[in-house]
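Q: Just dropping this structure here.
Every read-out reported here was derived from the displayed coordinates using simple, explicitly stated rules and does not represent laboratory data. The model shown is predicted, which means the values in this text are computed figures rather than measured ones. Note that each Cβ is placed from the backbone with ideal geometry, even for glycine, and that neighbours are counted across all protein chains shown.
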Amino acid sequence: MNSNAAISVVEISKSYGSFWAVDNLSFEVYRGEIFAMLGPNGAGKSTTMRMILDILKPDTGKIAVLGGPLTEATKDHIGYLPEERGLYRNVKVVEMMVYLGTLKGLSSTEAQKRSMALLDRLGMADQAKKKISELSKGMQQKIQFAVTVLHEPDLIIVDEPFSGLDPVNSLVLKDLLFSFKERGGTVVMSTHQMSQVEEMCDRLLMISHGQQKLYGAVEDIRQQYALHAIIVEGQGNWAALPGVESIEPIQNGRKATLLHLAPQTTTDSVLAAIAAAPDTHIERFEMAVPSLNDIFIRVAEETST
């Protein structure tokens, strides 16, 4: 196992009768990174998370968490935010946070101190004495995350953490996740919001039908699916440039054009040709690298056929 791995998964499988929810899956999550776990609904993400947390046992394979098999002591260094939220609705916010903090080994005094500090950072200090049932869905989501990190774990596993949050509260949660990482914490995040993955995550795993389909650094995967093409904005006779095989407009609300290049043509040679061309004005010049959302859709469609 990699000594820098917070999680090491080796050839795990899990079946329910004749259905394989997870099929011979292997990957690692490095310490101090934000790692995305992606896949269509029913791909096996939640089953994999539950096996990592020892809620479910794999039929085959091995899992190491924070350096070894998961034990009760190790669990005190882990935080888990499930997709199915579970808060005590008729309990006051701070009382519930303190109670759950003591279950993770904190003293009542320390749990109270940390709870109020987190509530203040979340802009919810004035909600401390309210019952959970009196809070909006977004506020409940922020409380659930606060409980997840209250005991300052080394590793947190969060399932759809931005679900139900408006853009402002999403920014607050994003800031907390980055702060957690900066302190050396490791984040495993399952989400369908590809823009969040592009912005936040270091590496990703995409699974479909319980099997690995994409795995590696986010930017490396985007470059892997890049077209041999360039996106330009401005004025010029793009089709006349040497090395340009064809052009097509990009319908994204801006006047951009996609230049498909001949196999041996380099981006440097095209840029030099644009610089030398008369009556050409360029405002944008970049490689045609697809968004992670486009890649996700493409891979999901390929694996469904």
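Q: Nearest 0.05, what FRET efficiency do Ile250 and Asp175 give at R0 = 35 Å with Cβ-Cβ as r?
A: Computed FRET efficiency for Ile250 and Asp175 comes out at 0.60.
Q: Over the Cα atoms of the chain, Rg to Rh with Kirkwood Rh, two decimal places?
A: Here the Rg-to-Rh quotient is 1.08.
Q: Sort Leu271, Leu150 so the one with the fewest other Cβ atoms within 10 Å of its own Cβ comes first.
A: Arranged by neighbour count, lowest to highest, Leu271, Leu150 become Leu271, Leu150.
Q: Taking the mean number of other Cβ atoms within 10 Å as a proxy for protection, how do you rank 13-19, 215-221 from highest to lowest?
A: The densest-packed peptide leads the list: 215-221, 13-19.
Q: Sticking with this one: Kirkwood Rh over Cα pairs of region 1-115 into Stokes-Einstein at 10 °C, 1.306 mPa s: D in µm²/s?
A: Roughly 98 µm²/s, to the nearest whole number.
Q: Taking a quarter of the surface of the Cα convex hull of region 227-288, what do you get in nm²?
A: 3.7 nm²
Q: Now for a different question. I'd like the distance separating the alpha-carbon centroids of region 1-58 and region 260-275, in whole Å.
A: Cα centres, region 1-58 to region 260-275: 43 Å.
Q: Now a separate question. What whole number of Å gives the distance from the Cα centroid of region 93-146 to the Cα centroid of region 197-256?
A: Between the Cα centre of region 197-256 and that of region 93-146, the gap is 42 Å.
Q: Could you work out the pair-distance distribution P(r) of region 174-305 from its alpha-carbon pairs, with 5 angstrom bin width and percents rounded to whole numbers?
A: 2, 9, 16, 16, 13, 12, 12, 9, 6, 3, 1
Q: Across every pair of different alpha-carbon atoms, what Kirkwood hydrodynamic radius in Å does region 81-158 reach?
A: 12.3 Å
Q: Tell me the trypsin sites (Lys or Arg not before Pro) within region 96-147 that lie in a loop according to DSSP and have at most 16 other beta-carbon atoms within 10 Å.
A: Here the trypsin sites (Lys or Arg not before Pro) that fit, given the DSSP loop and packing criteria, are Lys129, Lys130.
Q: Something else: Write out the trypsin sites (Lys or Arg not before Pro) in region 168-262 meeting two conditions: DSSP loop, and at most 15 other Cβ atoms within 10 Å of their Cβ.
A: Arg183, Arg254
Q: Moving to a separate point now. If you average over every viewing direction, what projected area does the convex hull of the Cα atoms of region 171-217 give, in nm²?
A: 3.7 nm²
Q: Let me ask another. Please go through the residue pairs Lys75/Lys137; Lys113/Lys137; Lys104/Lys129; Lys62/Lys104; Lys14/Lys113; Lys57/Lys104 and name each one whose alpha carbons sit more than 31 Å apart in this structure.
A: Lys14/Lys113
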